[in-house]
Amino acid sequence: MYEFEFEKPSTIAEAVAALADEDAQALGGGQTLIPTLKQRLAMPSKLVSLAGIAEMKGVSIADGVLTMGGGATHAEVAADACAPLAALAANIGDPAVRNRGTLGGSLANNDPAADYPAAMLALKSTIVTNAREIAGDDFFQGLFETALEEGEIITSVRCEIPEAANYQKFAQPASRFALAGVFVAKYADGVRVAVTGASEEGVFRWSEAEAALSANFAPDALAGISVDAGSMIADLHGSKEYRAHLVAVLAKRAVAALA
Amino acid sequence: MAKVSMTVNGKAASGEAEGRMLLSSFLREELGLTGTHVGCDTSQCGACVVHVDGKAVKACTMLAMEAEGSEVSTIEGQANADGSLNVIQQAFQDHHGLQCGFCTPGMVMSAAALLKDNPKPSEAEIRHYLEGNLCRCTGYHNIVKAIMAASGQDVSSIAAE
């Protein structure tokens, strides 16, 4: 790692001030950032740990809304979020990673194979920062790109609790990231289907599947529907066609789990 | 460089650290606690697992300064007060849960974290919990068996390889 200064503020206002310095970088749980620094792929002048900020902690459910602090760890989400999201969080990485990695850190990184982005698109989320509120649908902007401005911090996240939801992930066995992951959420006004891990454009909502499932919430409703293999990721773990196939299978499994 | 202070295995400990110093390096090089092993240094193998404020973490993927003021437990603090092996360590010995022993500190610390939250885990729960701890010698069977035994459960049904 290159040298950097370390700061650990205790309020959001102090963190925002600390991040105003050129080349300062926010540190969530560090489960992606520290390995990145070890490879010298980043050279921040200063790391600003968000782990000491009490107002960014906690997971709670009230009036049909799930509210999670940006500093909530995956383990805390797994313990206290609504069941489908808790199950997703319980299968991120391994227990030691889940005790450090945070929701806000993962969302700000927007890894195309991360699990949370699919949940955020499916669960009608709102990403709350120190400066504004961003609709989940507008937040993710391609591989490792988000709507966040320089120095902007995810302070909390709200999701609307669905009538039913399920996440199916086909994990790459070494990294446990998603080769493909599909989050299906059923609301009174329709079904939302979000896909992670598969597309070259990052997480996306699969509108054709949403329309079919909104009309008929059954695995058979997805018969004959597929994502365009041309836009899927191809790498040593799987071809474009393989990922497109996985997406269709995982979507059916998610619906079958709820039917 | 700045002074970093924490409680390690129940005793106050402090040392000098740069911002970029990892907790694993701080424990090993500043405090001389070399029981915490660094296998991969990429957060995959789990040989460096320690507990920070009661939670299992990978010490190679946490900065020493992040642990300022925390309660840290390492493998050196696991034995009983009289120096004898604790229940988990003894079970690893009794059931041949190690061969070369390199991964063992992390395995024991992960096992301790698991049993604190789940005192009677099933075989499947143990295997799932150990996803972040790699052992290249044993094939895991005897590690799983040792953890089952340490939790006071019958181990006769577990494969014997």
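For this structure, a couple of remarks:
- Computed with a 1.4 Å probe over protein heavy atoms only, the accessible surface of the protein assembly as shown comes to 42 Å² per residue.
- The share of accessible area on the range A:5-49 that comes from carbon and sulfur is 48 percent, using a 1.4 angstrom probe.
- Added length on full extension, which subtracts the Cα-Cα distance from 0.36 nm per residue, A:GLU55 to A:GLU200: 48.7 nm
- Treating r as the C-beta distance of B:GLU16 and A:ASN130 and R0 as 35 Å, the FRET efficiency rounds to 0.60.
- At a threshold of 20 Å², the residues of the range B:54-97 that become less accessible to a 1.4 Å probe in the full protein assembly than in their chain on its own are B:LYS55, B:ALA56, B:VAL57, B:LYS58, B:THR61, B:MET62, B:LEU63, B:MET65, B:GLU66.
- Length-normalised contact order for chain B - Cα pairs under 8 Å, 6+ apart - percent: 22 percent
- Applying 0.36 nm per residue to the separation of B:LYS3 and B:GLU30 and subtracting their alpha-carbon distance, the gain on full extension is 8.6 nm.
- Straight-line cross-link reach from A:LYS252 at under 28 Å between alpha-carbon atoms covers these lysines, not counting any fewer than eight positions away in the same chain: A:LYS124, A:LYS169, A:LYS186, A:LYS240.
- Compactness check for the range B:18-65: Cα Rg over 2.2 N^0.38 Å is 1.01.
- Alpha-carbon centroids, the range B:35-98 and the range A:79-155: separation in whole Å: 29 Å
- Taking a ≥ b ≥ c as the square roots of the eigenvalues of the Cα gyration tensor, an a/c ratio of 1.5 or more together with a/b no larger than b/c marks the range B:94-161 as oblate.
- In a fully extended conformation the segment linking B:LYS116 and B:HIS96 would gain 5.0 nm over its present Cα-Cα distance, using 0.36 nm per residue.
- Alpha carbon centroid spacing (whole Å) that separates the range A:1-42 from the range A:187-259: 36 Å
- Across all directions, the average flat footprint of the convex hull enclosing the Cα atoms of chain A is 13.3 nm².
- Debye, to nearest 20: dipole size of the protein assembly as shown, +1 on Lys, Arg Cβ, -1 on Asp, Glu Cβ: 1040 debye
- Relative contact order (%) - chain A, alpha-carbon pairs under 8 angstrom, separation at least six: 15 percent
- Dividing the mean sequence gap of close Cα pairs (under 8 Å, 6+ apart) by how many residues the range A:5-49 holds gives a relative contact order of 56 percent.
- For the pair A and B, total buried accessible area rounded to nearest 100 Å², probe 1.4 Å: 2000 Å²
- Site pair A:ALA13 and B:THR42 shows an inter-label distance of 4.4 nm when each label is modelled 7 Å from Cα along Cα→Cβ.
- Applying 1/(1 + (r/R0)^6) with R0 = 30 Å to the Cβ-Cβ distance of B:HIS128 and A:ALA215 gives a FRET efficiency near 0.20.
- Listed residues A:MET68, A:MET232, A:MET43, most fluctuating in chain A (Gaussian network, C-alpha, under 10 Å): A:MET43
- Above 18 Å, the calculated P(r) of the range A:92-192 contains 50 percent of its Cα-Cα pairs.
- Counting Cβ atoms of other protein chains within 10 Å of each residue's Cβ and taking the mean over peptide B:40-51 gives 3.
- Counted as membrane-span-like here are DSSP H helices of chain B whose alpha-carbon atoms extend 15 Å or more along the helix's own axis and whose Kyte-Doolittle mean is -1.0 or above; these are B:104-117.
- Spherically averaged projected area in nm², based on the convex hull that wraps the Cα atoms of the range A:164-258: 5.6 nm²
- Within the range A:91-122, the residues that become at least 10 Å² less accessible when every protein chain is included than when their own chain is isolated (1.4 Å probe; DNA, RNA and ligands ignored) are A:ASN91, A:ASP94, A:PRO95, A:ALA96, A:VAL97, A:ARG98, A:ASN99, A:ARG100.
- Computed from the C-beta positions of A:ALA229 and A:THR36 and an R0 of 35 Å, the FRET efficiency is 0.70 to the nearest 0.05.
- Directionally averaged projected area (convex hull, Cα atoms, the range A:5-49), nm²: 2.9 nm²
- Peptides A:243-250, A:120-127 ranked from most to least packed, by the mean per-residue count of other Cβ atoms within 10 Å: A:120-127, A:243-250.
- In the range A:27-105, the alpha-carbon atoms span a convex hull of 91 Å³ per residue.
The values are calculated or read from the model by the stated rules, or taken from the named source; none is laboratory data. Since the structure is predicted, the reported quantities are computational estimates derived from the model, not experimental observations. Cβ atoms come from the backbone with ideal geometry, glycine included; neighbour counts cover every protein chain shown. Just the protein is used for accessible areas: all its heavy atoms, side chains included, with ligands, DNA and RNA removed. Shrake-Rupley method; radii C 1.70, N 1.55, O 1.52, S 1.80 Å.
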